[in-house]
Amino acid sequence: MNKDFRTSHFVLCYKEQMTEIRNRSAYHDYFIEDRYDAGIVLAGTEVKSLREGRASFNDAYCFFHKGELWIKSLHITEYSHGTYNNHVPTQERKLLLHKKELRKLEAKIKEKGYTIVPLRIYFNEKSIAKMEIGLGKGKKLYDKRETIKQRDTEREMKRHMK
């Protein structure tokens, strides 16, 4: 077996294990109008924990500070095999977007009712950690009930179609 075959096989097997962590409550609490893919500034142990799928979006939100976009309260569990160099689980992390996108988002945030919500963390085809964020407008309680009703009726329709 030649060396080239082994390395290409390793890359294929490694890419099959793509990890994706979703924020399910975001779709329940917000109407998502626009979506953006942003890079995240991470430490090495944070990336390893994300590959294991060990992150939580509970109460995570995005905010602007000096023209830069940051995410707060995103909990990435400490890496199990990390040493004293392990990361702090709930530190603020910088999100990377183009200036044009940042200006557009900052202008929308100033309008009443809009917020930036983290939707999912995934690894792209180059194995770089990315975060999908959405420009969301908060739902009222009656909107949430309406969404649940629509989901139930669609489920019933699919059940009767079979």
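Derivation of every value follows stated rules applied to the coordinates shown; laboratory data play no part. Everything numeric in this text was worked out from a predicted model, so none of it was measured. FYI the Cβ positions are ideal-geometry reconstructions off the backbone, even for glycines, and counts take in every protein chain you see.
What does the charge count around ASP59 come to, taking other residues whose C-beta lies under 12 Å from its C-beta (Lys +1, Arg +1, Asp -1, Glu -1)?
After counting each charged neighbour, the total is 0.
Are there any GluC sites (Glu not before Pro) in the stretch 102-162 that are in a DSSP loop and have at most 15 other Cβ atoms within 10 Å? List them by number.
For GluC sites (Glu not before Pro) across the stretch 102-162 that sit outside H, G, I, E and B with at most 15 neighbouring Cβ atoms in 10 Å, the list reads GLU111, GLU125.
Which one, (i) 1.26; (ii) 2.41; (iii) 1.05, gives Cα Rg over 2.2 N^0.38 Å as derived from the coordinates shown?
Answer by label: (i).
Cut-off under 13 Å on the C-alpha distance; same-chain residues fewer than 8 positions from LYS108 excluded. Which aspartates and glutamates are left, in chain and number order?
GLU33, ASP34
Show me the chymotrypsin sites (Phe, Trp or Tyr not before Pro) within the stretch 71-162 that DSSP assigns to loop and that have at most 10 other Cβ atoms within 10 Å of their Cβ.
TYR84
Using a Cα-Cα cut-off of under 19 Å, which lysines could be cross-linked to LYS126, ignoring same-chain neighbours fewer than 8 residues away?
LYS15, LYS48
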